[in-house]
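Remarks on the structure that follows.
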Amino acid sequence: MIPTGSHHSQARDGSLAGVGPSTGSHHRNPTPYSLGDSSASATRITPGNALRPEDIALAAAEGTAHPREAVAEYALRLGDDALILAQRLGHWISRGPELEEDVALGNIALDQLGHARSFLTYAGAAWGKSEDDLAYYRREPEFRSAHLFEQPNGDFAVTIARQFIAASYQYLLYRELTRSSDPMLAAIAGKAVKEVDYHLDHSTQWVLRLAGGTEESNRRMIAGLELMWPFVGELFEDDPLIAEVGDAGVVPSSLKEEFDRATAAVLAEAGVEVPAHPMATGGGRHGRHSEHLGYLLAEMQVLAREYPGASW
Amino acid sequence: MAENQPVDDAGQANFDAVIAKDSRIEPKDWMPADYRHALVRQMSQHAHSEIIGMQPEANWITRAPSLKRKAILMAKVQDEAGHGLYLYSATETLGTTRDEMTEALLAGKARYSSIFNYPTVSWADMGAIGWMVDGAAITNQVPLCRASYGPYARAMVRICKEESFHQRQGFEILLELSHGTPGQKAMAQDAVNRWYAPSLMMFGPPDADSPNTSKSMAWNIKRFGNDELRSRFVGMLAEQVKVLELELPDPDIRFNEDTKSWDYGPLDWAEFKEVLAGRGPCNAQRMERRRAAHDDGAWVREAAAAYAAKQSASNDREAA
């Protein structure tokens, strides 16, 4: 059996994360800005206390959550990253190398989907759109995801390499975002950072295992890192929107040094080099995507678009 | 497995007494080889069903029509992986390893529920599977919470709780569809039509043709015959389908005042046997997918084992 340490129990506890009570249920917490029950576990949902997308939608409907345009655009970027990653990871469920990984990757996908729903719901509040309007009825150039998240799953090592970069980035980002001047972004980040902390642990452990396992796993891990590393650059690029968002957001370039230090430390422990490839030209934040996104969206959106206006 | 275990009169007496007072057998208790064998067969088959059963629903994760439904479906399929793990662990207490059970599945020697050899061709199938397939599973499994083998009974308590949630979400999907657009309602009715008979056949052949039922009942593993459970299930569907405003594709359903049970029309047991014999729509596909995941993951499992061995060797060196 694969020694997955404490992941398994956490993953099982989190199996309902993102589900929450059905819509329209009474919620005990009247303020959508709460960081949630301070004793809440990172992976166990605590309905009524934890911040849920439904709470944000309710706040939007009541007019108490209304981000300014730049903040909504910023939330859209974070939401799209998480949504596309969740869509990618969801494909692993029933295909993992071990049942424990079906559970773990499924759990991470669920967390990401939960973050996506929160960010998209909040962004949509600026434009009178729901999370589903944004997920299912935007065209490819209207998505704001970075290229890293769009990359195909590849083999397990490629997925782990993508996860390692994604979690390292998201952990630093959300940690800083908890101090956002926008209380809703701070609240979403407060919940998300606890979950991404676990994603980072999961991918770090696998980088070490695969790099230090067999010759084949070492070769595959290095190949996975080489394939994904060029997409690191885009994550830390600043642009005019970031200046407009101001202290409601996090300046991407400000995270780069710690990202480099933290990832280099793990790779050093794993005995592999930080890939030296030049960075790829990004463009995702401005709607210029990889070749892969179109297929992903076609699959994700097909049923919803077959029945426009239907509810599910 | 203790196939050739020595005669143990004291053990047999204890076993008989435990069964007679409807108490629990635990892993370290002596038990007849046949009892152990029957449990391994039933429990591993149940575990395999959870694992293969992930596939028809995973088929719709990437296409779920709303983000909330996608989250619920992901959580549900993930629960099934958890049930499989839980049941494999419970079965391991009988002396058969998970690797042995996996090998038996991949070699085609162990069975899984035939229902998963049918394809999921529309989103409404997610509703029908939850409502009917999980509903049939719960009807079967709730009595297993009182099964005489302790680890199995305890596993079933937890599994039934989650299955009840799965059934409610399936019902909710169908309810939403049947009250949606005409196209959505037609999609729901079509799914109910396709899954009705296969879900009734999940209870197994009629008692007269069920070779394992009587022994299982004598050992307090099973509590009710296949036909009684099937009839109960039909009664549940017959009531709930009214709320859905859909129809069951069986004009013969009625409550029989004489037998105080639900009657239903004849089922096509020839089809059941065909699917069981491997000639269903998706048998080959389901097995191929399981094998592919297993084979593609072999290098990962080897790496994890090699890494763990190196870590433990280096810990030993440090300790020395």
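The values are calculated or read from the model by the stated rules, or taken from the named source; none is laboratory data. Treat the numbers as computed from the prediction; the structure is a model and nothing was measured. With ideal geometry, Cβ positions are generated from the backbone for all residues, glycine too; neighbour counts draw on all protein chains shown.
Structure notes:
- All of B:Glu318, B:Glu271 fail the test of being in contact with a Gly (Cβ under 9 Å, 6 or more places away or on another chain), over 16 Å from B:His48 (Cβ atoms), modelled with pLDDT under 95 and assigned to a helix (DSSP H, G or I), apart from B:Glu271.
- Just one of the numbered conditions (1) under 21 Å from B:Asp134 (Cα atoms); (2) touching a Gly at 6+ places or on another chain (Cβ under 6 Å); (3) modelled with pLDDT of 95 or more is not true of B:Asn226: (3).
- Selection within region B:106-128 - under 30 Å from B:Asn193 (Cα atoms) and within 14 Å of chain A (Cβ to nearest Cβ): B:Tyr112, B:Phe116, B:Thr120, B:Val121, B:Ser122, B:Trp123, B:Ala124, B:Asp125, B:Met126, B:Gly127
- Look at region A:269-296: where a residue is closer than 30 Å to B:Trp60 by Cα and a partner is among the aliphatic types (A, V, I, L, M), sitting 6+ places away or on another chain with Cβ atoms under 8 Å, you get A:Gly284/A:Ala146; A:Arg285/A:Ala146; A:Arg285/A:Leu241; A:Leu293/A:Ile84; A:Leu296/A:Ile84.
- Some residue of region A:255-271 being within 21 Å of the chain's Cα centre (by Cα), polar (S, T, N, Q) and either surrounded by fewer than 16 Cβ atoms within 10 Å (Cβ to Cβ) or within 30 Å of B:His179 (Cα to Cα) (or both): no
- Positions within region B:45-68 being over 30 Å from A:Pro308 (Cβ atoms) and either within 14 Å of another protein chain (Cβ to nearest Cβ) or more than 24 Å from the chain's Cα centre (by Cα) (or both), in sequence order: B:Ala47, B:His48, B:Ser49, B:Glu50, B:Ile51, B:Ile52, B:Gly53, B:Met54
- Criterion (surrounded by 18 or more Cβ atoms within 10 Å (Cβ to Cβ), within 14 Å of chain A (Cβ to nearest Cβ) and either basic (Lys, Arg) or under 22 Å from B:Ala137 (Cα atoms) (or both)) met by exactly one of B:Arg230, B:Arg290: B:Arg290
Matching residues to (1) touching a Lys or Arg at 6+ places or on another chain (Cβ under 7 Å); (2) among the hydrophobic types (A, V, I, L, M, F, W, C); (3) more than 25 Å from B:Lys68 (Cα to Cα); (4) within 14 Å of another protein chain (Cβ to nearest Cβ):
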residue	(1), (2), (3), (4)
A:Ala135	no, yes, no, yes
A:Ser145	no, no, no, no
A:Asp155	yes, no, yes, yes
A:Tyr169	no, no, yes, no
A:Ser180	no, no, yes, no
A:Gly190	no, no, no, no
A:His199	no, no, no, no
A:Ser203	no, no, yes, yes
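- Residue identified as surrounded by fewer than 20 Cβ atoms within 10 Å (Cβ to Cβ) and closer than 18 Å to B:Val77 by Cβ among B:Ile159, B:Ile138, B:Ile129: B:Ile138
- Lone unmet requirement of (1) under 30 Å from A:Glu216 (Cβ atoms); (2) in contact with a Phe, Trp or Tyr (Cβ under 8 Å, 6 or more places away or on another chain) for B:Ala313: (2)
- Positions within region B:69-79 being among the aliphatic types (A, V, I, L, M) and more than 7 Å from chain A (Cβ to nearest Cβ), in sequence order: B:Leu73
- Scanning region B:195-227 for residues that are surrounded by 16 or more Cβ atoms within 10 Å (Cβ to Cβ), part of a loop (DSSP other than H, G, I, E, B) and without any contact (Cβ under 8 Å) to a residue 24 or more places away in the chain gives B:Gly204, B:Ser210, B:Gly225.
- Taking every residue in region A:209-225 that is more than 7 Å from chain B (Cβ to nearest Cβ) and pairing it with any residue that is surrounded by fewer than 17 Cβ atoms within 10 Å (Cβ to Cβ) and in a helix (DSSP H, G or I), at least 6 positions away or on another chain, the pairs with Cβ-Cβ distances below 9 Å are A:Ala211/A:Glu269.
- Within region A:69-97, the residues that satisfy the criterion of being hydrophobic (A, V, I, L, M, F, W, C), more than 24 Å from A:Ile242 (Cα to Cα) and in contact (Cβ under 8 Å) with a residue 60 or more places away in the chain are A:Leu89, A:Trp92.
- Odd one out for B:Ile159, checked against (1) assigned to a loop (DSSP other than H, G, I, E, B); (2) in contact (Cβ under 8 Å) with a residue 60 or more places away in the chain: (1)
- The helices (runs of 4 or more DSSP H) found wholly in region B:31-137 and carrying at least 1 residues that are acidic (Asp, Glu) and closer than 30 Å to A:Ala82 by Cα occupy B:33-52, B:54-58, B:67-92, B:124-128.
- Scanning region A:121-133 for residues that are part of a helix (DSSP H, G or I), of a type outside the set (Val, Ile, Thr), within 11 Å of another protein chain (Cβ to nearest Cβ) and in contact (Cβ under 8 Å) with a residue 60 or more places away in the chain turns up A:Glu131, A:Asp132.
- Candidate set: region A:60-116, residues that are farther than 30 Å from A:His286 by Cβ and away from chain B (no Cβ under 11 Å); chosen: the one surrounded by the fewest Cβ atoms within 10 Å (Cβ to Cβ): A:Gly63
- Within region B:141-156, the set of residues being among the aliphatic types (A, V, I, L, M) and buried (at least 18 other Cβ atoms within 10 Å of the Cβ) comprises B:Leu144, B:Ala147, B:Ala153, B:Ala155, B:Met156.
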